[in-house]
Every structure is written in C-alpha cells, then in structure tokens.
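The values are calculated or read from the model by the stated rules, or taken from the named source; none is laboratory data. This is a predicted model, so every value here is computed, not measured. Quick reminder, even Gly has a Cβ in these numbers, built from the backbone with ideal geometry, and neighbours come from all protein chains shown. In case anyone asks, the SASA skips ligands and DNA or RNA and just uses the protein heavy atoms, side chains included. Shrake-Rupley method; radii C 1.70, N 1.55, O 1.52, S 1.80 Å.
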2 protein chains.
Amino acid sequence: MNHSFKYSLLFLVILIAGCNVEKKTDETIHNSEPVFLKGEKISSNNFTGTVWLNMMGANDTTLHARFGNVTFEPKARTNWHSHPGGQILLITEGRGYYQAKGQPARLLHKGDYVEIPPNVIHWHGAGPEEEFAHIAISLNTDEGGAVWLGPVTDEEYGEMNLY
Amino acid sequence: MNHSFKYSLLFLVILIAGCNVEKKTDETIHNSEPVFLKGEKISSNNFTGTVWLNMMGANDTTLHARFGNVTFEPKARTNWHSHPGGQILLITEGRGYYQAKGQPARLLHKGDYVEIPPNVIHWHGAGPEEEFAHIAISLNTDEGGAVWLGPVTDEEYGEMNLY
C-alpha cells in the first residue's frame, strides 16, 4: 500500500484513542452525580413502588425538624398524606411530581423546591421514566407526625400530563 | 489517489463527527453539575470574602422556616452568629467547615449535613482551595432571626487543620 494510505491509517488510530478518552471522561462525571446517599429500601404500605430512604436529621429535638434523602424508582410515589407542621422538598435528582389534593400536579426538576403548608393533603414521587430524589424536611414536628392516607392509584397517576 | 485511500478519508470524516458528538455530551453533563442555582453576590458585613445567595423559601410563613443556597469562594465564610430557632446545613458542593464556638472545626464534604441547635454561636464557610456550597434552612423563625457577631479572623481561620 502507498505512503498516504499508511499515514491516514496512523491518523485513524490516534483519532480512535481520542474518542475513547472522551468516553471515559463522560462516564466519570456520571458516576460522581448523586449528592446524598441513597440509603435503604423502605418497607411500608405508605408508598407505591420501590423507594429508598437515607434518614439524616432529627438527632437534635430542639430543632423540631426531621429530614432525609428519599429516592423513587420511575413511577414510585408516596400515598396521599399531610404534615401538621408542614414540609419542604429540595429536588436533588431527576424529574418527578408534587400534587396537592384537588390541584394540578406540578412537574419538578433537579434544583426545584416545594413548600408544603401544614395539613395540605398531597403526594410526591417520580415521573414514569427517571429515578427521582429529594431531601424532605418535616418542620414544626412538635405539632405531630405525618398523617397517612390511601395510595395514589394508577388512574390518579395516569391523569397527569407525564412530562 | 487510489480507492482504499478515498475510503479511509471517508472513514476519517465519520470518526471526526463521532468525536464531536462525544464532546457535546460531555459538556452538557458539566453544565448540569450544580444542583441549585448560585444566585446573587451578597453585599453584607456579616461575611468575609465573596459569597453568593439563592434565596428560595420563606414564601409560606406557616412553615416558620427560611432557606436558600449559599456558595462561598475559597476562604470565604460567615461571621460568628447564632439562630434562636436553630438551623440545618445540607452540603451540596465542595469542601468546607462548620465550627461551634469553643469546639474543633468540623470538615464538611458534599453530601454531609449539620444540625445547629438554637443559640449555639458558630460559623460556616469554604476551605482554602475549593468553592463550597450548602443549603441553609433556618428553623422555628417565629423565635427570631439570626444574631450576628464579629468576623472569623484570619488567625481563627488559620488555626484549623486545613483539609
């Protein structure tokens, strides 16, 4: 084979190496993504689908607050429930929903937050395609713990415009 | 030029296109890294160095909570201060410190959290080399706002084992 062909083959090898380095960088960034630990699978009738909880706070009772990181597999969600002292959600991964009873569901992205007033009946959870994670901070817990109601049925979940 | 050389040139063009797509993917992931927006530079005597605040919560006064994302440039920090209702810190980026008055400074990494009891005099901020960010949630704010004291001097900051 002639010289120009040999050189172009050498150039091919260099380019292929370059592409592989690019792929490795990409994978590293993916692996470093989650900010907070996923914790343990929740075994509870208050959730639909697989949900993980990394319970963090509530060591100091003078704060009247309990908080942890909650991760939902696609389609997983809480039951309908309310908090006597209210709750804050800080979205750390993926896309999901918050819905207050009788209102349209709100689409949530990584970086969004939700302020849930005391005693408002609501649910939160993942969209249909992506894992979804948020820090949940229950506030004014001296007013009492969460009041749990029935599941969000597949019909109720299906009523939303999914993404 | 001969046929095999023409084919290898065509292959080069395809590979170069492939590499460019890879780069774009990589850049997108980089840009989506910070979980919460950085917000605006704080202009206040209660901080040393450059600090950014993205104020989020406190729209609903029934929660008695105010929260936002705070980003510190390397060496930037709060003054000594306390909160009548206590505060929670959720570390979202980098490495920094929390120190309660009279106690050793605590090194904090992305994913860590701190529960600060009511009226404990403390400071928090970045280590010497990395930008540091946390969500700060002030609790039980019906008990009053933060009580601000003097700066953390370079001597006090220098006393820590930095990383």
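Descriptive notes on the structure:
- Distances between copies at B:I121, taken between label points 7 Å from Cα along the C-beta direction, are 5.0 nm in increasing order.
- Segment A:39-112-segment B:132-163 distance, computed between alpha-carbon centres (Å): 28
- For A:P34, inter-copy separations between label points set 7 Å beyond Cα along the Cβ vector come to 2.5 nm, shortest first.
- Pairs spanning more than 30 Å between alpha-carbon atoms, out of A:K41/B:K75; A:K41/B:K38; A:K38/B:K38; B:K75/B:K101: A:K41/B:K75; A:K41/B:K38.
- Surface exposure of segment A:78-158, expressed per residue as accessible area with a 1.4 Å probe, stands at 37 Å².
- The residues of segment A:61-102 occluded by other protein chains by 30 Å² or more of accessible area, set against the chain on its own, are A:T62, A:L63, A:F67, A:I88, A:L90; surface from heavy atoms, 1.4 Å probe.
- Interface of A with B. Using a 1.4 Å probe and counting protein heavy atoms only, the two chains hide about 4000 Å² of accessible surface, both sides summed.
- Modelled label positions at A:K38 and A:H109, each set 7 Å beyond Cα in the direction of Cβ, lie 2.4 nm from each other.
- Annotation note: trypsin sites (Lys or Arg not before Pro) in segment B:68-122 located in DSSP loop regions with a Cβ neighbour count of at most 11 within 10 Å are B:K101.
- Distances between copies of B:P151, taken at a point 7 Å out from Cα along the Cα→Cβ vector and listed shortest first: 6.0 nm.
- Segment B:K101..B:E156, full-extension length gain: 18.7 nm, with 0.36 nm per residue of separation and the alpha-carbon distance subtracted.
- Here segment A:63-145 exposes an accessible surface that is 46 percent carbon and sulfur, computed with a 1.4 Å probe and the other protein chains kept in place.
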